[in-house]
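Engineer: Sharing a structure with you now.
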Amino acid sequence: MARLTFLDFVREQRRAVPPVAATDLARKTVMVVGANTGLGFEASKHFARMNPMRLIMACRNPTKGEAAVERLREETGFEPVELWIIDLANFSSVSEFSRKFEDDGGRLDILVQNAGIATFDYQETSDGWESTIQVNNLSLPLLALLLLPRMVETGREHGTIPRLVVVASGVHHWANLEKAVLKSGDILRTLKSWLIATLIQNYLTYYLYALSNFNDRLPKIPGTVIVTGVNPGYCYSELRRNFSRIQVLVDWVMEHLLAHTAEEGSRQLVWASVGGADAEGDLRGAYISRSEVHKVSDFVFTRDGMTAQDNIWDEIVKVLVRLDPKVQRTIDEYLVNT
């Protein structure tokens, strides 16, 4: 399904959600970013039931994070769960988080990047970026690149293939960035509105960052990380908590007619993390939806689409290299030019 229509979307939402995938995660470490609520929390519960050696719930708010950890323990009986604090609206917090994990010395087998925000108002972070762009499209790539060495080393040391799962959306089928924006030479700074920021979220986190550029730069050798973008479907979510009254009303109607539960949506995160083991080669750079590999937007494969991917990737890298020198070392050592 390369060209998703609204009718296709409705049909997909009305189909039964496949059951959750399961495997034995003994001796493995799973990290879920944005784990205290919604999709992240439900996915964490599913992982907990697979008995990992460690389950790290990465959250922004300590109080909410602690409550989520206690709730998970009560509902699953799983004890080796840890709360780690990270604020994606603060680049220093992301770097400190990665340094803490590097010092911790542990393995990292599954990294689920589920965190994200959506806001209608232009809000600038203390780092000087529009908040949606920083959280969704800069901090998550920063975290992935900083943790990539540990994931690659995990694969090499233990003979496994770690997975990096980036939560995206079927909305990328409708993303449409004007050529003037793409040719601006400063695409990320040009994006100011909530609408464009939301489109760029799916545009970047799925096929620009997760599917094409990052994945294509990973050498196809043993121990290399598998990067996937995953569509959980339209679910009940706190992501839309900043909607206006009218938008809340429209969304309330949409949710009651079409939305999956957070648990149902979380099954896609889990499948992208542990499913498809019999054909892992097909998962590299794949777009996962309904527990299988789906086709992406037609635009991805056009000349403009591929040029846009390269341009935005280059912009992201330039920003991240200035933020943390380890990013350049990771790129030089673990990625290849395409």
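Engineer: Amide H of His260: which non-local residues (sequence gap of 5 or more, or other chain) have their own amide H closer than 5 Å, using H built in the peptide plane?
Structural biologist: Tyr234, Cys235, Tyr236
Engineer: First check a/c for segment 124-176, with a ≥ b ≥ c the square roots of the eigenvalues of its C-alpha gyration tensor; if it is under 1.5, answer rounded, and if not, answer prolate when a/b is larger than b/c or oblate otherwise. Show your work: numbers first, answer last.
Structural biologist: Working: a/c = 5.12, a/b = 1.61, b/c = 3.18.
Here segment 124-176 falls in the oblate category.
Engineer: If you don't mind, another one. Among rounded, prolate and oblate, which fits segment 1-145 when a ≥ b ≥ c are the square roots of the eigenvalues of its C-alpha gyration tensor, a/c under 1.5 means rounded, and a/b larger than b/c means prolate?
Structural biologist: Oblate is the answer for segment 1-145, as a/c is 1.5 or above yet b/c matches or exceeds a/b.
Engineer: Kindly flag which residue pairs out of Lys28/Lys100; Lys100/Lys318; Lys295/Lys326; Lys45/Lys100 have an alpha-carbon separation exceeding 26 Å in this structure.
Structural biologist: Those over the limit are Lys295/Lys326.
Engineer: Right, next: Taking a ≥ b ≥ c as the square roots of the Cα gyration tensor eigenvalues, with a/c under 1.5 meaning rounded and otherwise prolate when a/b beats b/c, else oblate, which class fits segment 10-73?
Structural biologist: Oblate, since a/c reaches 1.5 and b/c is not below a/b.
Engineer: Please give, to one decimal in nm, the separation of the simple spin-label points placed at Arg73 and Arg11, each 7 Å out from Cα toward the Cβ.
Structural biologist: 4.8
Bear in mind these aren't lab numbers, they're just calculated from the coordinates by the rules spelled out. Keep in mind that this is a model prediction, so the values were computed, not measured. For neighbour counting, all protein chains shown are included, and Cβ atoms are generated from backbone atoms with ideal geometry for every residue, glycine included.
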